[in-house]
Ligand code: RB5
């Protein structure tokens with residue numbers, strides 16, 4: 001799978017670890033930065049990952065900041081992005097099964113590398129369940145252009 005990844009300074013180290021984890025798993029990783037622990041602004045990287053997914057160049061995105069929250073908010077501003085902050089295997093699995101998330105976000109100040117790896121693995125292993133969830137996701141998509149919900 002082709003996966004775009006990005007982080008701010010707070011998420012840099014965990015991003016690097018997760019990039020290795022993904023590459024070892026055979027994935028094609030597009031690293032959009034940041035490239036050090038020098039202070040940067042997380043919206044720049046959330047937007048870059050969001051665009052890299054919404055454009056179709058990448059199938060999924062992975063974002064890391066201190067909490068996962070700020071970078072997810074930024075990624076979610078890009079039309080077509082459903083970015084989910086996950087904290088563990090269960091939230092990661094459900095983000096894919098129920099929400100069809102296409103960007104998974106983690107907080108490096110909240111979860112350790114092992115939990116993060118397990119969560120990413122769970123996210124990648126899960127399948128979108130569609131069914132009753134599809135109508136709800138369609139309603140989210142409708143919000144992108146402030147259209148009435150279907
Ligand atoms: C950076 O200090 C921190 O605010 C950022 O990584 C993130 O947690 C924001 O949501």
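Before moving on, here are some points about what is shown:
- Exclusive hit being modelled with pLDDT of 95 or more, touching a helix residue (DSSP H, G or I) at 6+ places or on another chain (Cβ under 8 Å) and more than 16 Å from the ligand (Cβ to nearest atom), set 104, 137, 85, 89: 89
- Residue check, residue 111 closer than 27 Å to residue 130 by Cα and either touching a helix residue (DSSP H, G or I) at 6+ places or on another chain (Cβ under 8 Å) or within 15 Å of the ligand (Cβ to nearest atom) (or both): no
- Residue ranges of strands (runs of 3 or more DSSP E) in region 1-69 with at least 1 members under 24 Å from residue 114 (Cβ atoms), within 16 Å of the ligand (Cβ to nearest atom) and touching a strand residue (DSSP E or B) at 6+ places or on another chain (Cβ under 8 Å): 2-7, 60-65
The values are calculated or read from the model by the stated rules, or taken from the named source; none is laboratory data. Here the structure is a predicted model, which is why all the values come from computation and not from measurement. Every residue, glycine among them, receives a Cβ derived from its backbone with ideal geometry; neighbour counts consider all protein chains shown.
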